[in-house]
Amino acid sequence: MSFIVENHPTVIASMLVTGIKHPIASAVMGASWSALRIVYAIGYTSKTQEKGKGRLIAAPFWLFQFGLIVLTIYDGVQLLL
């Protein structure tokens, strides 16, 4: 089940940090990321797709993960300035 939790710590930490200043954006990106990771897991374990290729339909989860990370970095820089 490592394909489900490999990015989980990064996203949870980013949601905690960004949720302080941007709670709605953090919640929307976190919920979208979670939903797409479920789709990823279903596609990865699908018997109809060879070699886990069903997971590719959920690839946009990377956009939400990247968005959370960028927002975390932005908030961190704002604290330093």
Q) Could you give the nm distance between label points at H8 and I42, where each point is 7 Å from its Cα heading toward the beta carbon? A) 1.9 nm
Q | Dipole of the chain [Lys/Arg +1, Asp/Glu -1 at C-beta], most positive-end residue of H22, G52, L79 | A | G52
Q) Once label points are set 7 Å from the Cα along Cα→Cβ at both A59 and Q78, what is their separation, rounded to one decimal in nm? A) 3.2 nm
Q.
Can you show me the helix-derived [θ] at 222 nm for the chain, built from DSSP H runs with n ≥ 4 at -39,500 (n - 2.57) apiece and divided by the number of residues, rounded to the nearest 500.
A. -24000 deg cm²/dmol
Q. What is the dipole size for segment 1-57, taken about its Cα centre, with +1 at each Lys and Arg Cβ and -1 at each Asp and Glu Cβ, in debye to the nearest 20?
A. 120 debye
Q. How far is helix 61-80 tilted, in degrees, relative to the longest principal axis of the Cα atoms in the chain, given as a value from 0 to 90 rounded to the nearest 10?
A. 20 degrees
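FYI, it's all coordinate maths here, none of it is from the lab. Keep in mind that what you see is a predicted model, and the values were worked out from it rather than measured. Ideal geometry is used to build each Cβ from the backbone, glycine not excepted, and the neighbour counts take in all protein chains shown.
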